[in-house]
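Read the structure below first, then the notes.
Any read-out appearing in this document is the output of simple, stated calculations on the displayed coordinates, not a laboratory observation. Bear in mind the structure is a predicted one, so any value in this text is a computation, not a measurement. Here the Cβ positions follow ideal geometry from the backbone for every residue, glycine too, while neighbour counts run over all protein chains shown.
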Amino acid sequence: MADDISFVEQSDVADADHGDVARPKESQRDPVMLRERLGVWLTGVQGADAMIEDLRIPSANGMSSETILFDARWSGQVHRLVARVAPLAESDPVFATYDLDRQYAVMRRVAETTEVPVPALFWSEPDPGPLGSPFFVMERIDGVIPPDVMPYTFGSWVTEASDDDRALLERSAVETIAAIHATPVDDDLLEAPGDGETPLRAHVRRLRSFYEWAGDGHPRSPLIERAFGWLDDNIPAESAAALSWGDARIGNMIFDEFRPVAVLDWEMACLGPRELDLGWTIFLHRFFQDITEMAGLPGLPHFLGRARVAEIYREATGYEVRDLDFYITYASIIHAVIMYRIQIRAIAFGHATVPDDPDDMIMHRATVDAMIAGTYWADEDDEGSGS
Ligand SMILES: Nc1ncnc2c1ncn2[C@@H]1O[C@H](COP(=O)(O)OP(=O)(O)O)[C@@H](O)[C@H]1O
Ligand SMILES: [Mg+2]
């Protein structure tokens with residue numbers, strides 16, 4: 001996740017002159033070494049005739065895990081595969097804990113119980129031995145993804161599509177999210193809330209402890225702390241919980257002919273009200289749209305609007321979405337905490353400096369402020385007031 005944030009580089013910086021500061025080493029993954037190690041592992045799980053034919057590490061990668069694209073041959077057939085690798089512990093990962101095997105289990109559950117397009121799963125390797133950290137291997141899916149860098153709103157296949165095609169993308173993406181929510185999760189697949197706690201309150205509690213962990217010993221964000229107060233005062237009564245995809249946004253879907261053919265990136269999956277995913281989807285579009293408007297470009301002001309998303313969701317499920325504005329605001333706050341953590345990490349690595357106002361670490365601070373104040377939405381037509 002968080003691959004929309006392009007201003008933080010994960011490059012390894014020479015650590016000689018900053019010996020006291022933790023240094024990221026994650027980019028030291030060398031494709032030649034990886035190919036060798038992955039090849040050894042593959043013959044172990046698939047048989048002696050298995051071999052890697054091609055391997056590359058895409059440059060526009062997310063920051064919390066690594067993706068390796070490779071082709072492997074066995075039994076006379078070439079398989080086009082992707083390995084998703086957990087972050088190396090010594091890279092000071094964005095998230096305090098990372099359970100890749102659970103992501104794999106969630107994807108498997110969704111694949112087995114719904115029509116949601118999930119890449120076929122091959123293996124999950126929880127042993128950090130073979131590649132340095134756990135990984136899983138899935139099928140590689142062809143198609144196009146709305147880009148994060150530069151955001152698709154600046155000019156991309158999404159903006160260039162016809163209105164009808166874009167409406168199809170919007171509808172099929174929301175319908176896919178609705179289908180995810182039908183996944184049965186009435187067992188211990190996902191972390192249960194505490195005694196007497198609702199899934200939403202558990203979600204807020206985990207976000208707060210993530211913030212406390214990220215901010216320990218660092219300048220605090222008054223905006224985030226105010227936002228937690230707002231959450232306490234405004235948390236709504238919630239509907240029955242469902243499987244929440246987590247990083248629910250069109251930038252984590254692969255499309256073909258404007259329909260999702262793969263749903264990726266399950267690391268934020270959890271138990272939660274359905275509106276969590278809808279709020280995140282709408283907010284992430286608004287995040288990109290606001291940046292686009294600040295750059296003087298039109299973007300897609302009506303795309304993934306609140307009323308439209310709620311209507312598509314109702315048509316797909318019969319469920320009436322509630323308190324959507326709360327969940328959009330909550331998404332802006334979650335995103336603020338993730339940005340804060342990423343900036344704190346960048347400062348620790350010497351890639352950024354502490355701003356005079358710590359809230360400046362949050363690129364969309366004006367949006368969070370306006371959403372909390374209830375002044376963000378300019379009109380009924382879902383256009384933001386800008387920020
Ligand atoms: N199964 C797959 N098939 C094709 N491409 C994939 C697949 N999984 C990941 N990718 C590529 O890797 C990128 C990052 O994957 P994603 O799961 O979103 O991880 P993250 O954003 O956490 O790095 C995707 O945007 C896509 O380009
Ligand atoms: Mg992603």
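If you find the alpha carbon centre of the range 104-124 and of the range 318-339, how far apart are they in angstrom? The range 104-124 and the range 318-339 have Cα centres spaced 26 Å from each other. Across the range 251-276, the residues whose backbone nitrogen lies under 20 Å from the label position 7 Å along the beta-carbon direction of residue 144 are 251-264. Screening the chain for whole DSSP H helices with an alpha carbon extent of at least 30 angstrom along the helix axis and a mean Kyte-Doolittle hydropathy of at least -1.0 yields 324-348. For the chain, build the charge dipole from Cβ charges (+1 Lys, Arg; -1 Asp, Glu) around the Cα centre, then report which of 373, 162, 120 sits farthest towards its positive end. Ranked along the dipole, the leading option is 120. A crude spin-label estimate for the pair residue 80 and residue 375, with each label 7 Å from Cα along the Cβ direction, gives 5.1 nm.
Compute the relative contact order of the range 52-173 as a whole-number percentage, counting only Cα pairs closer than 8 Å that sit 6 or more residues apart in sequence. If you can, show how the numbers build up before the last one.
Numbers: 157 pairs, mean separation 23.1, N = 122.
The value is 19 percent.
For the pair residue 112 and residue 40, label points projected 7 Å from Cα toward Cβ lie 3.2 nm apart. With a cut-off of 18 Å on the backbone N, the residues of the range 100-131 near the modelled label site 7 Å out from residue 90 along Cα-Cβ are 128-131.
As a rough footprinting exposure proxy, the listed residues 377, 280 were ranked by other beta carbons within 10 Å of their own, and the order from fewest upward is 377, 280. Here the Gaussian network model covers the chain, with springs between Cα atoms less than 10 Å apart; of 323, 216, 71, 216 fluctuates the most. Residues whose amide H lies under 5 Å from that of residue 122, counting only those 5 or more places away or on a different chain, are 137, 138, 139; hydrogens are built 1.01 Å from N in the peptide plane.
Taking amide H positions as modeled 1.01 Å from N, with prolines and chain starts lacking one, the residues under 5 Å from residue 378 and 5 or more places away or on another chain are 383, 384, 385.
The helix-only estimate of mean residue ellipticity at 222 nm for the chain, built from DSSP H runs of length n ≥ 4 each weighted as -39500 (n - 2.57), is -12500 deg cm²/dmol after division by the residue total.
For the chain, what is the charge dipole size about the Cα centre, in debye to the nearest 20, if Lys and Arg each add +1 at the Cβ and Asp and Glu each add -1 at the Cβ?
Working: 32 positive and 68 negative charges, 118 e Å.
Dipole size: approximately 560 debye.
Descending by average beta-carbon neighbour count within 10 Å, the peptides 187-194, 298-305 line up as 298-305, 187-194, the highest first.
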